[in-house]
Amino acid sequence: MRFVPAAMLMATALCLQTIGHARAQPAEPANLERVTVAGRKSEVSRWLRAESPHFVVYSDAGEGDVAQLLDNLERLDHLLQVYTLPDNAARRPGEPREPKLTLYFHNSVTDLRAIDAHPPADAVGLYSSCAAGAQGFVAHLESMRSLGDEQLDKAPLNDTLSYAFEAYARHFLHRHTDIRVPASFIDGFAQYFSSVRFSARQMVVGRVPPGLGAYLKFLSDGQPYSLSYDDVLQGRLANARSPAGAAGVRLEYEAKAWLLAHYMLSSPENRSRLNRYLVAVGRGADPTAAFERVFGLQQADIADAMWRYGLKGLATLRVEQPPLPAVRVSFRSLPRSTGEFVLAHAALKACPTREEGESLLRRLASLAPRHPDDDLARLTLSRAQIGWGNPRDALAPLNALLQDDDANPEARYLLGLAQLRLAEQSSSAAQRLHAEAAQRELRRAREASPRSPEVALAAFRADVAVTGTPEPAVLDGVIAAWQGARDIDALGRSAALASAFAGQADAAHTTLDTLAQNGHDAVAAQWARQWRARLETGVSRGDILAEMRRDPVADVPFKTWTLDKASALQAVERGAGLRDAEGVMKEAARQNDSATGTAAPGSVGNR
């Protein structure tokens with residue numbers, strides 16, 4: 001098996017000490033460009049749209065907090081580039097190579113139920129990725145403010161920002177690197193960067209997230225633990241027990257994963273070891289055995305080593321920020337009618353189940369006709385019809401939209417997707433006509449949205465359905481799209497096949513290696529392992545082309561939840577208190593029985 005690590009050159013990339021000795025000029029303030037809709041104030045939605053170089057945000061949280069969120073996320077994105085992708089870090093932040101990430105920054109935690117009807121208890125955020133792309137959902141828990149240099153290591157950590165940073169750091173690894181195992185490192189990395197804080201000139205890295213620090217102190221005070229460090233490294237959570245249930249187990253896992261990550265990132269020597277550790281686990285080594293070998297710690301000694309590491313004081317790193325150009329953020333108010341479709345549109349792009357999709361279609365079929373002139377209403381209903389109804393119903397509305405605005409990229413994409421669905425449902429001559437129409441529309445959509453994963457994937461499928469032999473540009477297009485969106489598994493499958501068809505064996509193997517480590521979709525991971533084995537033994541281009549044209553593997557959305565640690569910690573403390581109280585009561589009862597002589601000889605207790 002070939003393995004080509006594409007990822008974390010931590011030993012060389014984690015160069016903040018070097019950066020810190022070169023004094024940077026303060027970053028210019030964000031340049032806020034306002035675009036407002038015409039009409040009376042009563043006609044404007046509570047939702048607004050904001051856009052920066054790497055993000056598109058829909059929010060009802062207010063312009064000031066959206067500006068703070070985007071300014072901090074842009075800084076975090078650049079920092080993560082420095083940590084993980086040194087070749088990319090030199091590029092200007094205003095020149096992203098990947099699609100912009102769409103975020104929904106909402107005032108109410110209950111808005112998460114519009115995307116998933118059954119979120120975990122204490123959920124405050126969600127990232128979802130599937131064939132329709134990736135998007136994030138961040139709850140606005142408290143307002144954010146700018147920090148001065150002297151506040152970076154002292155000011156209380158803002159929960160809204162910490163949870164946004166945690167989720168984005170985790171997403172960043174999935175999108176930009178081939179790291180999929182061990183999960184404990186991905187989660188520890190996310191917790192480590194949740195506490196980074198920025199001022200205009202400086203940043204501080206390595207602060208202790210309060211919920212995690214409090215939980216580790218809770219354990220050090222003698223409370224029983226739910227997970228060994230071997231359990232954490234192996235990701236073995238399913239059978240663990242906590243007084244607070246699953247939330248308590250998750251909190252302990254995140255706390256110990258964070259401490260491990262802090263340790264592995266704490267020195268140049270450990271960062272060099274971390275590189276070797278990630279490569280070894282990526283090649284199939286047992287995570288605990290690899291940790292023992294690389295870091296020189298036996299499994300039985302890891303807990304004591306981590307306790308001593310925390311006891312001596314966890315160092316933070318304060319450095320000057322690298323000079324960044326001003327980030328332009330544009331704001332646009334949305335019409336009241338558009339605001340009614342923001343979350344429904346997001347729910348459809350989260351690849352809902354059939355039951356959820358059909359429910360959305362019924363609701364939209366009733367709501368959208370009340371707003372016949374609203375573009376998002378028409379686009380959202382069309383997307384639902386294509387996915388969960390009759391794609392033919394979407395053709396006329398989408399053509400009408402394009403008559404009004406020929407450059408509307410989503411309308412062009414959805415028109416091509418509708419034709420592709422009709423081709424899949426048709427036979428003989430009709431199938432060919434629909435496939436050619438899909439190819440035509442999706443090629444135009446690809447020109448308009450060259451970085452969109454869902455457009456690239458649909459355009460690739462239309463091209464291979466129509467042409468006898470895919471053109472090199474078609475193969476290169478889906479491969480390039482995967483390089484900018486490695487969190488989209490469906491795109492990765494097409495990219496792997498395209499690489500194999502083009503004779504790029506190493507690229508095909510590298511992509512399949514990543515997909516084979518898919519921990520959330522066993523069917524897709526098995527598909528990748530099977531195709532990796534077939535490429536090892538030899539497979540014809542005809543077989544590869546047939547697989548390209550076959551019905552795709554069912555796409556399982558990858559959802560990662562962000563959970564409120566303060567709430568989980570309170571549940572753990574309540575559970576521990578109840579357990580202690582129960583123990584005190586049992587001991588008091590035992591002593592009382594002993595004093596009064598009511599316990600019968602040989603008794604094993606009350607029934």
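Here are a few things to note about the model shown:
- With Cα atoms, 0 to 90° folded angle of helix 159-176 axis to the chain main axis: 60
- Net charge over other residues, Cβ less than 14 angstrom from the Cβ of ASP301 (K, R count +1; D, E count -1): -1
- Over all projection directions, the Cα-based convex hull of the stretch 263-369 averages an area of 14.2 nm².
- Sequence-distant aspartates and glutamates (8 or more away, or on other chains) whose Cα lies within less than 13 Å of LYS349: ASP116, GLU410, GLU454, ASP555
- Viscosity 1.002 mPa s, 20 °C: Kirkwood-radius Stokes-Einstein D of the chain over Cα pairs, µm²/s: 82
- The stretch 145-294: projected area of the alpha-carbon convex hull, averaged over directions, in nm²: 10.0
- Calculated [θ] (222 nm, deg cm²/dmol) that DSSP helices of n ≥ 4 give over the chain, each run adding -39,500 (n - 2.57): -17500 deg cm²/dmol
- Going by accessible surface with a 1.4 Å probe and the largest first, LEU147, LEU212 read LEU147, LEU212.
- Summing Lys and Arg as +1 and Asp and Glu as -1 over all other residues whose Cβ lies under 10 Å from the Cβ of LEU415 gives a net charge of +1.
- Listed values for the stretch 62-75 are Karplus-derived 3J(HN,Hα) couplings in whole Hz (6.51 cos²θ - 1.76 cosθ + 1.60, θ = phi - 60°), namely x, 5, x, 6, 5, 4, 4, 4, 5, 4, 6, 5, 5, 5, and x replaces Gly and Pro.
- Here the calculated FRET efficiency for ALA326 and ASN399, from their Cβ-Cβ distance with R0 = 30 Å, stands at 0.15, rounded to the nearest 0.05.
- Accessible area expressed per residue, the chain, with surrounding protein chains retained (probe 1.4 Å, Å²): 44
- Radius 12 Å from Cβ of LEU361, net charge of other residues (Lys, Arg +1; Asp, Glu -1): 0
- Rounded tilt (10° steps) of 210-220 against the dominant C-alpha axis of the chain: 40
- With the whole protein complex present, LEU314 retains an accessible surface near 40 Å², based on a 1.4 Å probe.
- Two-site FRET efficiency, TRP307 against VAL539, from Cβ-Cβ distance with R₀ of 56 Å, rounded to 0.05: 0.60
- Legend: calculated FRET efficiency, THR467 to ASP406, from the Cβ-Cβ distance at R0 = 25 Å, rounded to 0.05, equals 0.45.
- Rounded Å value of the spacing that divides the Cα centres of the stretch 434-474 and the stretch 386-423: 15
- ³J(HN,Hα) computed for each position of the stretch 500-514 - Karplus, 6.51 cos²θ - 1.76 cosθ + 1.60, integer Hz, glycine/proline x: 5, 4, 7, x, 8, 5, 5, 5, 4, 5, 4, 5, 5, 4, 5
- Nearest 10 degrees, 0 to 90: helix 392-404 Cα axis against the chain principal axis: 80
- Extension gain (nm, one decimal) between GLN530 and ASN239, 0.36 nm per residue minus Cα-Cα: 101.8 nm
- Carbon plus sulfur fraction of accessible area for the chain, probe 1.4 Å, in percent: 51
The values are calculated or read from the model by the stated rules, or taken from the named source; none is laboratory data. These numbers were taken from a predicted model, which means no experiment stands behind them. Note that we place each Cβ from the backbone using ideal geometry, even for glycine, and neighbour counts take in every protein chain shown. Ligands, DNA and RNA are excluded from the accessible area calculation, which covers all protein heavy atoms including side chains. Shrake-Rupley method; radii C 1.70, N 1.55, O 1.52, S 1.80 Å.
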